[in-house]
Structures are given as C-alpha cells and as structure tokens.
1. Please determine, by comparing only the residues of region 89-107 that are over 17 Å from the mean Cα position of the chain (by Cα) and open to solvent by 70 Å² or more (accessible area, probe 1.4 Å), which one is nearest to Val36 (Cα to Cα).
2. Does region 35-43 contain any residue that is surrounded by 13 or more Cβ atoms within 10 Å (Cβ to Cβ), within 16 Å of the ligand (Cβ to nearest atom) and without any contact (Cβ under 8 Å) to a residue 24 or more places away in the chain?
3. List pairs: first in region 132-144 and under 24 Å from Ile52 (Cα atoms), second open to solvent by 20 Å² or more (accessible area, probe 1.4 Å) and away from the ligand (no atom under 15 Å from the Cβ), Cβ under 7 Å, 6+ apart or cross-chain?
4. Starting from residues that are part of a helix (DSSP H, G or I) and within 14 Å of the ligand (Cβ to nearest atom), keep the ones in region 44-67 and report whichever is farthest from the chain's Cα centre (by Cα).
5. Please verify whether region 8-26 includes one or more residues that are touching a strand residue (DSSP E or B) at 6+ places or on another chain (Cβ under 8 Å), under 20 Å from Asn106 (Cα atoms) and not β-branched (Val, Ile, Thr).
6. Scan the strands (runs of 3 or more DSSP E) fully inside region 68-123 and keep the ones with 3 or more residues being polar (S, T, N, Q).
7. Quick check, is Asn84 away from the ligand (no atom under 15 Å from the Cβ), modelled with pLDDT of 95 or more and of a type outside the set (Asp, Glu)?
8. Can you find a residue in region 115-138 that is within 16 Å of the ligand (Cβ to nearest atom) and open to solvent by less than 10 Å² (accessible area, probe 1.4 Å)?
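The values are calculated or read from the model by the stated rules, or taken from the named source; none is laboratory data. Keep in mind the model is a prediction, meaning the values are calculated, not measured. Neighbour counts are summed over all protein chains in view; Cβ atoms, including those assigned to glycine, are modelled from backbone coordinates with ideal geometry. For the accessible areas, the whole protein counts, side chains as well, though only heavy atoms, and no ligand, DNA or RNA atoms are used. Shrake-Rupley method; radii C 1.70, N 1.55, O 1.52, S 1.80 Å.
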Amino acid sequence: MEEILTRPDPKLKTKAAEVEKIDNKTKGIVSFLWSVKEKSDALGLAATQLGIHRRIMVIGYEPTEKQKAEDPSLRSIPRITLINPKIIDSSKRLFTEKEACLSCPNEQFEVPRSKKISLEYLDEKGKKRKLKARGFLARIIQHEIDHLNGKVIADYKNPSVPLL
Ligand SMILES: [Zn+2]
C-alpha cells in the first residue's frame with residue numbers, strides 16, 4: 001500500500017488538527033480514507049497514516065470465512081467514519097494484546113488498552129454521535145486515535161515480536 005506511510009516517517013508523529021467543518025475537503029478526505037482502506041486488509045485507517053493531519057478515521061472489517069478459519073480470533077467491526085473522535089470515559093482496567101499496523105509493517109507489539117471506552121465523534125454528515133465500545137472494538141478505536149495523536153504501536157515500549 002504505497003499511500004500508507006510507514007515508520008519512521010516523521011509525519012506519523014504529527015498530531016492531527018480538529019476538523020472545523022464538514023466541507024467538501026473533509027468529505028474528500030473521508031472518501032480517500034475509505035478507498036485506501038478497502039484496498040488494504042486494515043481494520044481501521046487514520047488520516048495521519050496518509051499524511052493528512054486532520055482528526056478523521058475509519059474503521060470496519062468483515063473477515064472472510066477463510067480468514068476466520070485461519071484465525072478464529074478475528075471478529076467483525078462495524079463500518080464507521082469518525083471525525084474528531086474523543087474518548088470521554090475509559091475503564092481503568094487494561095488488557096494487553098499483540099497489535100499489528102500497516103504503518104509498522106512486519107512487526108507486532110504488545111499494547112495495553114482500556115477494556116471499555118465511551119466516545120463522542122461526528123459522523124460524515126457532521127452529526128454528533130456517541131459510541132460505547134469494549135474489547136476488540138475498543139482496542140481498534142484506541143489504536144486509530146493514537147495515530148491522530150502522532151503515536152504508533154512501536155511507541156509502546158514493549159519488545160517487538162518479528163512476524164515471519
Ligand atoms: Zn495503525
């Protein structure tokens with residue numbers, strides 16, 4: 001995926017700016033994110049990964065039967081566009097699992113995440129929405145919000161486990 005920036009590109013460390021209004025430029029970024037995401041096997045994609053420093057991210061994933069057979073831990077993720085996502089509440093309880101990222105190719109890192117989160121965001125029409133997420137979905141959302149804050153999984157100090 002040539003569009004997706006990879007570590008150590010300094011653009012991945014840039015904090016994205018809030019989206020002021022849902023104009024054609026914002027809509028263009030949203031459709032660009034979806035088009036790149038659909039071509040990849042990503043569970044989510046943040047604008048930062050494309051070098052666009054706006055707080056926009058998309059999530060969504062439907063594993064094929066074959067993928068589920070190979071990795072039963074794969075779960076479906078609803079397709080959601082999140083603009084200016086903000087975590088307003090999160091459980092103190094953390095759970096640590098290995099994560100992968102297209103911006104950190106061929107590496108996995110153990111990352112602690114809150115088990116449950118509540119967040120607010122704008123949808124692609126600018127409507128304010130709330131979402132409660134737990135487990136795998138909460139993990140994906142926290143991963144993508146990290147990107148918007150200039151953080152990647154490699155920044156968690158845990159030892160890397162090379163994927164072969
Ligand atoms: Zn990532």
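1. Ranking the qualifying residues of region 89-107, first place goes to Asn106.
2. Yes, region 35-43 contains at least one residue that is surrounded by 13 or more Cβ atoms within 10 Å (Cβ to Cβ), within 16 Å of the ligand (Cβ to nearest atom) and without any contact (Cβ under 8 Å) to a residue 24 or more places away in the chain.
3. Ala138/Lys115; Ala138/Lys116
4. Within region 44-67, the match that is farthest from the chain's Cα centre (by Cα) is Leu50.
5. No, that holds for no residue.
6. 77-90
7. In short, yes.
8. Yes.
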